[in-house]
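Bear in mind these aren't lab numbers, they're just calculated from the coordinates by the rules spelled out. As the structure is a computational prediction, the values presented were derived from the model and not from experiment. Cβ: placed from backbone, ideal geometry, glycine included. Neighbour counts: every protein chain shown.
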Amino acid sequence: MPFVSAIVRTDDGTWVRSNVVNCDATPEAVKLGMRVRLAIYPIGTDDDGTEAVAFGYEPA
């Protein structure tokens, strides 16, 4: 499954390496300099019912 990996510059100047989620992995959907926002999403649940979450960035 294709995915988009990015280096995101936040508003405070910090750089974060992450995936861009909720976005087609095509040149038409992903552009250099595009605005993104933080996205938190579930990635699984352990045997005790504790949910694990991950973060990425999605188009703003």
Residues in the chain that are in contact with a Lys or Arg (Cβ under 6 Å, 6 or more places away or on another chain) and at positive phi: how many? 0
Name the pairs: first residue in segment 37-49 and farther than 16 Å from Cys23 by Cβ, second residue surrounded by 10 or more Cβ atoms within 10 Å (Cβ to Cβ) and among the hydrophobic types (A, V, I, L, M, F, W, C), Cβ to Cβ under 7 Å, at least 6 apart or on different chains? Ile43/Ala54
Counting just the residues of segment 1-21 that are surrounded by 11 or more Cβ atoms within 10 Å (Cβ to Cβ) and polar (S, T, N, Q), which one comes out nearest to the chain's Cα centre (by Cα)? Asn19
Can you tell me which residue within segment 30-58, out of those that are closer than 15 Å to Ile7 by Cβ and in contact with a Pro (Cβ under 9 Å, 6 or more places away or on another chain), is surrounded by the most Cβ atoms within 10 Å (Cβ to Cβ)? Val36
